[in-house]
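Student: A single structure is presented below for examination.
A short reminder: the numbers here are calculations on the coordinates, not readings from a lab. Worth saying up front: this structure is predicted, and the values here are computed from it rather than measured. For neighbour counting, all protein chains shown are included, and Cβ atoms are generated from backbone atoms with ideal geometry for every residue, glycine included.
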Amino acid sequence: MKYDVVIGLEIHAELNTNTKAFCGCANVFGSPPNTNCCPVCLALPGALPMLSRAAVEKTIAAGLAMDCQINELAIFERKHYFYPDLSKAYQISQLVRPICTGGGITLKNGKHIRLNRIHLEEDAGKLLHNAVNQTSMVDCNRGGVPLNELVTEPDISSAAEAVEFLEEIRSRLIFANVAECRMEQGGMRCDVSISLKPAGSKTLGNRAEIKNLNSFKMVARAIEFEIKRQTEVLNSGGKVALETRRFDEGSGKTISMRSKEQEVDYRYFPDPDIYAVKITKSDIAKVRDNMPVLAYQLKEQFVTKFGLPEYDADVLTRSKNVAMFYLDCLNHLGEPKKVSNWIMVDLLKIMNDKSTETIPVSSAYLAEIIKMVEDKKITKAVGLQLLDMVIEKPQPPSALAQKMGLLVTITDAQILDILNALKKENPRVAEDFKSNKERVLRFIVGHVMKHTQGKAKSENVERLIYKTFE
Ligand SMILES: [Zn+2]
């Protein structure tokens, strides 16, 4: 039997604010346990939360980046549950009136994936389990870090669509300076809910929810596995259980965690400690005016303004680092396509070999190297050698080339030798030159360049041609 696959995503992204959502504690990753905490985020009795304006503004920016509607009134609610990493026994979140509703993203195949909402909430702390001495410890540093939760409508129908959607969401959050989305640090996590229904049917099947996937590869593998598992259940006449599952990376399987039938009631109610937030048109305009250019907008600019091929524009805008670096290089040098070639082919390869996303050289130095190659002061091979050396130890490339004797130097005497030899071998060239200067000049320049591997300076060559042949 043929089935339609119905997938919805819930994506959590930690905002890159300086402080936590409801207190002044630092929002940084990797500090020693329990060093970024205060009475508010530890939920000590009597402590009162204070909403961060930056967290609200970044949520508005996320909404604008995804074409959401920004609501005039936002309300914060308490979502109650007990877990050792949640000192308050409730999470401050949003249910009835989130900051953003609607919006969505159109995939390359033209399909529009709708968002239901983006809301602002706080992250929980973290449990550190030690299997050796059988202890669990709690680190509250992450407790209270602002999160955006993006919830889609069930519009996705394959692992490939889910991954493309997530990549685009990630790109927009990063370019809009809302979140860093460092997946390896848990800065972006995803829950997938997935069900199957007979092809064409309008009735949704029971769904399984797979929690806490922290790489796109895991999302794709979990979806592929679930499609297979649910197809087998349905084909054998069974019923898919409504449940929460987790993905086991080792086996590539999803495993049941708990049945949804006994799902807890979170007893949401408006948090009496936090005022409702009024978001005015001018608040939204302020965020919109400061909104950085997003990847898809830059890509379009690279094609129309700089005449780059679609492929180049795509590669250069895949990471914000690289796109901004490209623009910096253009500021130094111009030459959009030449700079693009150096970055796409040479620099990205070096970064790939080093497995780093950090650009290892300054835009000024790379532009200087490209210019030397374009001016034929050095060969491309020497340019690449210089690039390696400058990455190893940052220093001005032209001074380095000079010091190491890497500059191409073709003397006037060498050019004259070539010209005189040509004149002797082929006396007609001199006669032709007198009658048809422009065409023959081009021919002779080409001849000299061929004999010097392009290392001669063309203005020197022209000057000497007139001297020899006129
Ligand atoms: Zn705090």
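Student: Equivalent ellipsoid semi-axes for the range 340-414, as square roots of 5 times the alpha carbon gyration tensor eigenvalues: give them largest first, rounded to whole Å.
Tutor: With the √(5λ) rule applied to the range 340-414, the semi-axes are 25, 13, 10 Å.
Student: Continuing with this model, one more query. Can you find, among Y365, T379, I410, the residue sitting farthest towards the positive end of the charge dipole of the range 326-470, where Lys and Arg contribute +1 and Asp and Glu -1 at Cβ?
Tutor: Positive-most Cα among the choices belongs to I410.
Student: What number, rounded to the nearest 500 deg cm²/dmol, is the helix-based mean residue ellipticity at 222 nm of the chain, given -39500 (n - 2.57) per DSSP H run of at least four residues and division by all its residues?
Tutor: Here the helix-only value at 222 nm equals -12000 deg cm²/dmol.
Student: Tell me the Kirkwood radius of the range 318-470: reciprocal of the mean inverse pair distance over distinct alpha-carbon atoms, in Å.
Tutor: Computed over Cα pairs of the range 318-470, the Kirkwood hydrodynamic radius comes out at 17.6 Å.
Student: Further, regarding this structure: Shape verdict for the range 382-444, please, from the Cα gyration tensor: rounded (a/c under 1.5), prolate (a/b greater than b/c) or oblate.
Tutor: prolate
Student: Specify whether the C-alpha gyration tensor of the range 174-266 places it in the rounded, prolate or oblate class, a ≥ b ≥ c being the square roots of the eigenvalues: rounded for a/c under 1.5, otherwise prolate if a/b is larger than b/c and oblate if not.
Tutor: prolate
Student: Mind giving me the nanometre distance, one decimal, between the label points for N109 and S158, set 7 Å out from Cα along Cα→Cβ?
Tutor: 0.4 nm
Student: Here's another thing I want to ask about it. For the chain, find the longest principal axis of its Cα atoms and tell me its angle to the long axis of helix 363-374, 0 to 90°, nearest 10.
Tutor: Long axis of 363-374 versus the principal axis of the chain: about 30 degrees.
Student: I would also like to ask the following. Please pull out the direction-averaged projected area of the range 252-343, using the convex hull of its alpha-carbon atoms, in nm² to one decimal place.
Tutor: Averaged projected area of the range 252-343's Cα convex hull equals 13.1 nm².
Student: Can you give the angle from 0 to 90° between the axis of helix 216-235 and the longest principal axis of the chain, with both taken from C-alpha atoms, to the nearest 10?
Tutor: 50 degrees
Student: Please identify which residues in the range 360-377 have an amide N closer than 19 Å to a label point set 7 Å out from the Cα of K393, following the Cα→Cβ vector.
Tutor: Zone members listed by number: 360-362, 365-366, 369.
Student: For N460 and K437 in the same chain, what is the full-extension length gain: residue separation times 0.36 nm, less their Cα-Cα distance, in nm?
Tutor: 6.6 nm
Student: Could you calculate, for the range 1-142, the ratio of the Cα radius of gyration to the Kirkwood radius, expressed as Rg to Rh?
Tutor: 1.05
Student: Lysines within cross-link reach of K424: Cα-Cα under 30 Å, excluding same-chain residues under 8 positions apart?
Tutor: Output for K424: K376, K377, K434, K437, K450, K455, K457, K467.
Student: Could you tell me whether the range 5-58 comes out rounded, prolate or oblate from its Cα gyration tensor? Rule is a ≥ b ≥ c as square roots of the eigenvalues, rounded for a/c under 1.5, then prolate if a/b exceeds b/c, otherwise oblate.
Tutor: The shape class here is prolate.
Student: I'd like to compare 229-235, 59-65, 207-213: which one has the highest average count of other Cβ atoms within 10 Å, and what's the full order after that?
Tutor: 59-65, 207-213, 229-235
Student: Please provide three numbers in whole Å: the alpha-carbon extents of the chain along the principal axes, with the largest listed first.
Tutor: On the principal axes, the chain reaches 99, 58, 55 Å in Cα extent.
Student: Residue farthest toward the positive end of the dipole of the range 192-274, with Cβ of Lys/Arg at +1 and Asp/Glu at -1: which of V264, L234, L204?
Tutor: L234
Student: Checking a compactness column here: for the range 266-405, what do you get for Rg(Cα) / (2.2 N^0.38 Å), N being the number of residues?
Tutor: 1.48
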